[in-house]
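Read through the structure below, which is laid out as structure tokens, and then see the notes.
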Amino acid sequence: MQDPNHPEKFVPRGAIAFFVLLVAIGLVIWFGIYFLMLSRI
Amino acid sequence: MIDKFERNVIITAFCLSGLFIFSLLYAMGARKADVTECLPYDKSYETARVNQVDKSTYQIFYVARMWNFEPAIAYIPVGSEVDLFVTSLDVVHGFNIYNKNVNLMGVPGGVAKTTIRFDQPGVYKVVCHEFCGTGHQNMQAEIIVNFPKK
Amino acid sequence: MNVSRFLKNVILVELFVPVLLLTIGIYHGLMQVIYRAGVIHQASVAKLDYYQGLTLHGVINAIVLTTFFAVAFGHATIAFYLKREPNPKATMLSLVLMVTGTLMAAVAMLSGKASVLYTFYPPLKAHPAFYIGTAMLIVGSWVAYWDWAIIYVQWKKENRDSNTPLAVIGTLVNFTIWFVCTLAVAYEVLVLLVPWSLGWTTSVNVVLARTLFWFFGHALVYFWLLPSYIMFYTLLPKLAGGKLYSGTAGRIAFFLFLILSIPIGVHHQFGDPSIGRGIKLTQSVLTFGVAIPSFITAFTIAASLEHAARQRGGTGLYKWIWKLPFFRQDVYLFGYLINGLILFIFGGLTGLVNASYSLNNVVHNTAFIPGHFHLTVAGPVFLAILGMSIFLVSQLTGKKIFLPVINTIIPYLWTVGVLIFSTGLMWGGLMGEPRRTNMGLTYLNPASEQFHSYWVISSMLGLAGGGIMFIAGFLYFVVFFGTFFRKPSFAPTIDFPVSESLHPEKRIPLFDTFRPWLALMALIILITYIPAISDALNNTGRKAPPYLPSDPTPIVKKK
């Protein structure tokens, strides 16, 4: 599946995993502060 | 036209934004979490005072100037709902209550307003967080929530 | 490619002047963490006041360095990709305006007559030379932009069917954003503030001035960022030994920046009175839109790097990462750029928090904000500037890098420093620690009745991180000036690594033209900013006279 010499077959699995991780970190940071905000009302 | 993974990234980013926006609207509607209200300005805001509206509703009119807030100390009973109004008589000041969802700018010619409940007794420190001149780091006030003592 | 002696010297001056001033900026960065952590309880050190130093730190690092670098890098990019050199007269005019303006502003700040911070919010008043100098710096950068626009239009006439190089699209998008947003701050400075600071007018509408400033102020961060993005798209994949995963994605990202960078500035004013909540919410939502090109970039660059690493024999879901050239001296730029990207993961995400309407109440004007923006402007922006300035100086003078091993580790050291520094500041900020405050005098002075014990550990973390950043900055100066002043050993040149696209890409006319995007940009700006400006004009009760930072009574003109 991973054949760098045939770019049309290149599936960036690692980059997809990275992107999922990025979104997960984003959710943790954002909702962390969101609930902090709600607790301070 | 565009790579399918790129397209999925764009869709995911839109969904994430949608989730954040929905959460903000929920907080605004259900918990009244909002930013400064936009009020027309008049001279009465330039007089610092504490008003009791009814048994558990208060208004504090803050006047900021280089380098103090008036009232420097305000006494509020536990469990009251307080409307805060902030304006400045000279330069731009900041108004942030420690551990509370209050974060306003004191701007000459404008009045910032928000509403907050004080359910826990304590001394709530107010800090000026906008640079307002050489005495900026001294500029502080207190809201003492335990009055009358129970 | 060869460059003329003239262009070579212009670019070198445009790098040397700001880096020389940066020594002052970085010195004051170190001093601030020392004051703030309560190590010293003084208003000034060596006759330079805390707030004067903060002004120098902000103006030099965030305005002077970034603007000079963007112009220098723009000259190199346009000349390299379009094979045409800029007009010498225009280039000279631009350089003279920028250097003269910078010197005027620097003298005003160093003499202590402009300690108003880089946001220069009225009614705090600075010396007129500060405002005029800053305006000249900006106008100087416009001149370079107009000249490149002419070169681009001529090039496009002769090459109607070829796709404009991505780096050129990026440069022109960046300077178009810059030109439009600086129109507002130029109006603020030249029409509102200069006559007022000279005493010709008595008072100024503060909310209006703030609104005009932030029309500029948020687009400014994209002006800082886009040169780094150009490097991420056009250099980084090649440096890693691979190809760009998708050039089209890069074009989409740049044009999204063009239309959305400006109409979001009100998200800096959520706490301001006189501006309606509807406008604040609208601009908050649009800020989520401007995050999309950064998500696209994160994925595209990750995919490009993965492709490069797999070509070098990388395997697994994440093990390929170790095949990337992290510590190779010959591709030291890779280290500068990848570290910037790592910092930007956190910088970008915390930026979303700041711009999220009511969430802003938790962080606005607290130390969280400098914690955040050191992960952006002192992250991808600053590291790209450091790496590229050394790269350009080495190539344009034909001199080898001085201390290449040190040069390779500088970005890693800097990144460790920023991560510690920003953790401290953001943590303190969530506990209400204010930004822009000489906390050593009061909140972190045990002798003061305002002592605030909660902020001790967070500001100490800031100090530790800031100290590491200072060491990395110092090493950079050694490498930069060491390279600058050593003997030449090869012929001067500009030779950027050029990343090809992984997939063959057809030219899509929509992503190779500016007109529709410029129209959309204008439309969105008008829709979002007419109500904001009109609120600022109509809801402001009175205008304010000027104040000196040291005196609570207004300046009244002597008769």
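Overview of results
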{"read-out": "Chain C: calculated mean residue ellipticity at 222 nm from DSSP helix runs of at least 4, using -39500 (n - 2.57)", "value": "-21500 deg cm²/dmol"}
{"read-out": "Whole-number percent relative contact order across the stretch C:385-491, with pairs defined as alpha carbons under 8 Å at least 6 apart", "value": "49"}
{"read-out": "Rounded if a/c under 1.5, otherwise prolate or oblate - the stretch B:21-97, Cα gyration tensor axes", "value": "oblate"}
{"read-out": "Residue (of C:SER501, C:THR23, C:GLY340) at the positive-pole extreme of chain C, dipole from beta-carbon charges", "value": "C:SER501"}
{"read-out": "Burial ranking of peptide ranges C:238-248, C:289-299 (average Cβ count within 10 Å, highest at the top)", "value": "C:238-248, C:289-299"}
{"read-out": "Of all DSSP beta bridges in the stretch B:1-93, antiparallel share, percent nearest 5", "value": "50"}
{"read-out": "Within the stretch B:37-145: Cβ-based charge dipole about Cα centre, in debye rounded to nearest 20 (Lys, Arg +1; Asp, Glu -1)", "value": "120"}
{"read-out": "Length released on extending from B:LYS43 to B:VAL123, taking residue separation times 0.36 nm less the Cα-Cα span", "value": "25.8 nm"}
{"read-out": "Inter-chain Cβ neighbour average for residues C:279-289, partner chain, 10 Å", "value": "3"}
{"read-out": "Three-way shape call for the stretch C:382-533 based on the alpha-carbon gyration tensor, with the a/c threshold at 1.5", "value": "oblate"}
{"read-out": "Average other protein chain Cβ within 10 Å of Cβ, residues B:23-33", "value": "5"}
{"read-out": "Area of B:GLU81 that stays accessible when all protein chains are in place (1.4 Å probe, Å², to 10)", "value": "80"}
{"read-out": "Centre separation in Å (Cα based) which lies between the stretch C:449-484 and the stretch B:115-150", "value": "31"}
{"read-out": "Cβ-defined net charge surrounding C:LYS323, 9 Å radius [Lys, Arg +1; Asp, Glu -1]", "value": "+3"}
{"read-out": "Approximate spin-label separation C:VAL498-C:VAL191, in nm, with each point projected 7 Å along Cα-to-Cβ", "value": "4.4"}
{"read-out": "Average Cα contact separation per residue, chain C, under 8 Å, 6 or more apart, as relative contact order %", "value": "20"}
{"read-out": "Cβ crowding within 10 Å averaged over residues, with C:19-30, B:106-117 ranked highest first", "value": "B:106-117, C:19-30"}
{"read-out": "Neighbourhood charge, 9 Å Cβ-Cβ cut-off, centred on B:GLY133 and excluding it, Lys, Arg +1 and Asp, Glu -1", "value": "-2"}
{"read-out": "Between the stretch C:74-89 and the stretch C:300-363, the alpha-carbon center distance in angstrom", "value": "30"}
{"read-out": "Chain C pair-distance distribution - Cα-Cα, 10 Å bins, rounded %", "value": "4, 17, 29, 29, 16, 5, 1, 0"}
{"read-out": "Efficiency of FRET from Cβ geometry, C:GLU449 and B:VAL53, R₀ 30 Å, rounded to 0.05", "value": "0.40"}
{"read-out": "Charge dipole (the stretch C:1-160, unit charges on Cβ, about Cα centre) - positive-most of C:ASN159, C:ALA70, C:SER94", "value": "C:ASN159"}
{"read-out": "Accessible-area order (highest first, 1.4 angstrom probe) of the listed residues B:TRP67, C:TRP146, C:TRP455, C:TRP322", "value": "C:TRP322, C:TRP146, B:TRP67, C:TRP455"}
{"read-out": "Accessible area in the full protein assembly, largest first, 1.4 Å probe, for C:LEU375, C:LEU103", "value": "C:LEU103, C:LEU375"}
{"read-out": "Degrees, to the nearest 10: C:166-187 long Cα axis against longest axis of chain C", "value": "20"}
{"read-out": "Chymotrypsin sites (Phe, Trp or Tyr not before Pro) restricted to the stretch C:178-239 and DSSP loop, no more than 10 other C-beta within 10 Å", "value": "C:TRP200"}
{"read-out": "Rounded to 10°, Cα long-axis angle of helix C:277-311 versus longest principal axis of chain C", "value": "30"}
{"read-out": "Given charges at beta-carbon only (K, R positive; D, E negative), |dipole| of chain C in Debye", "value": "660"}
{"read-out": "Rounded to the nearest 10 Å², the accessible area of C:THR493 at probe 1.4 Å", "value": "30"}
{"read-out": "Estimated FRET transfer efficiency (C:ILE471, C:ARG328; beta-carbon r; R0 25 Å; 0.05)", "value": "0.65"}
{"read-out": "Among C:468-480, A:24-36, C:35-47, C:408-420, the order from most to least packed when residues are scored by Cβ within 10 Å on average", "value": "C:408-420, C:468-480, C:35-47, A:24-36"}
{"read-out": "Spin-label pair C:LYS319/A:ARG40, simplified geometry with 7 Å Cα→Cβ offset, distance in nm", "value": "4.6"}
{"read-out": "Spin-label model distance (nm) - A:VAL20 vs B:PHE14, 7 Å beyond Cα toward Cβ", "value": "2.2"}
{"read-out": "Table column - 3J(HN,Hα) (Hz), the stretch C:529-541, Karplus curve with 6.51, -1.76, 1.60, x for Gly and Pro", "value": "9, 4, x, 5, 5, 5, 4, 4, 6, 8, 9, 8, x"}
{"read-out": "Partner chain coverage, peptide B:37-46 - average Cβ within 10 angstrom", "value": "4"}
{"read-out": "Spatial separation of Cα centroids for the stretch C:372-407 and the stretch C:16-68, in angstrom", "value": "20"}
{"read-out": "Too-long pairs where the Cα-Cα distance tops 23 Å, listed order kept, from C:LYS243/C:LYS487; B:LYS4/C:LYS243; A:LYS9/C:LYS243", "value": "C:LYS243/C:LYS487"}
{"read-out": "Distance violations [Cα-Cα > 27 Å] among C:LYS83/C:LYS399; C:LYS238/C:LYS319; C:LYS89/C:LYS400", "value": "C:LYS89/C:LYS400"}
{"read-out": "Calculated FRET efficiency for the pair B:GLU81/C:ARG507, C-beta based, R₀ 60 Å, to 0.05", "value": "0.45"}
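The values are calculated or read from the model by the stated rules, or taken from the named source; none is laboratory data. Model, not experiment: these values are computed from the prediction. Cβ: placed from backbone, ideal geometry, glycine included. Neighbour counts: every protein chain shown. With ligands, DNA and RNA removed, areas are computed over all heavy atoms of the protein, side chains included. Shrake-Rupley method; radii C 1.70, N 1.55, O 1.52, S 1.80 Å.
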